1. For the stretch 43-132, give me every one of the helices (runs of 4 or more DSSP H) that falls completely inside it and has 1 or more residues that are crowded, with 19+ Cβ neighbours inside 10 Å and over 18 Å from the mean Cα position of the chain (by Cα).
2. Restricting the first residue to the stretch 54-70 and requiring it to be under 20 Å from Asn153 (Cα atoms), which pairs with a second residue that is among the aromatic types (Phe, Trp, Tyr) and surrounded by 12 or more Cβ atoms within 10 Å (Cβ to Cβ) meet a Cβ separation below 7 Å and a spacing of at least six or different chains?
3. On the basis of being in contact (Cβ under 8 Å) with a residue 40 or more places away in the chain and either among the acidic types (Asp, Glu) or crowded, with 20+ Cβ neighbours inside 10 Å (or both), does Glu146 make the cut?
4. Here is a list: Glu120, Glu168, Glu111, Glu155. Which entry is of a type in the set (Asp, Glu) and touching a residue at least 60 places away in the same chain (Cβ under 8 Å)?
5. For the stretch 163-198, enumerate the residues that are at pLDDT below 95, charged (D, E, K, R) and either touching a Cys at 6+ places or on another chain (Cβ under 7 Å) or within 23 Å of Pro130 (Cα to Cα) (or both).
6. If you go through the stretch 172-189 one residue at a time, do you hit one that is in contact with an Asp or Glu (Cβ under 8 Å, 6 or more places away or on another chain) and closer than 24 Å to Ala95 by Cβ?
7. Among the residues of the stretch 133-164, which ones are in a loop (DSSP other than H, G, I, E, B) and in contact with a Pro (Cβ under 6 Å, 6 or more places away or on another chain)?
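The values are calculated or read from the model by the stated rules, or taken from the named source; none is laboratory data. Note that the structure is predicted; figures quoted are calculated from it, not measured. A quick note on method: Cβ atoms are made from the backbone with ideal geometry, for glycine too, and the neighbour counts reach across all protein chains shown.
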Amino acid sequence: MKKLSGIFNIVIFLFLLIGCQERNEPTRDAPLDNFFANTELNYGEYVVIFEDVVARAHAMGLEDKSLEKWVIRALGDEKLSNKRDLTQDEALKIAKENLAENQAWIIVANEKYDVKVSEEELDQWISEGPDQSEIPQQKAFADALELSLVELNHEFDRELYKQTLLWEKLIPVLEKKYETEDQEALLDKFMKQVDKEASSI
């Protein structure tokens, strides 16, 4: 399934939990849970990696701080998954694609399916879910950004959690519309719409 979205896979990097959920029930796992399942680095080693990633992103001097967050995610995802440093051009390209996809995701959910998430609802969801876990790798990332875990969850990664919560709310709507509970099929249909929207952003 098409890069199942930088976003889904990014949510791997704190990120992106959203991923193709292989089970039918919604998940509130913290974003790092699945991504780091097969790694053996400790907190200190992650801090070194994340500090380097954040420093490289800051050195690019981007005025758009929203885009900078996606650059950090792109650099971090590649560093952790492939042990490789993206070039600035590669990181910017991936970041712009993923930012557009995140925006398109929200637009399609809101406008095509009338599924929305209020700021209050999102804060409560984060407080009851991600805020309840303190994963060493996630703490290392927060420390590299000089943020508390609450700031990381409620501010830096807010749009990722919004996307995750939207997906949870979309599932029953999509199941009814497409008359299937096959989440991979539902996600595939939804992502085709997202990709089309993202191409116009």
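1. Per the criteria, 43-59.
2. Lys69/Phe156
3. no
4. One residue alone meets the criteria, Glu168.
5. Glu168, Glu184
6. No, the stretch 172-189 has no match at all.
7. The answer is none; no residue qualifies.
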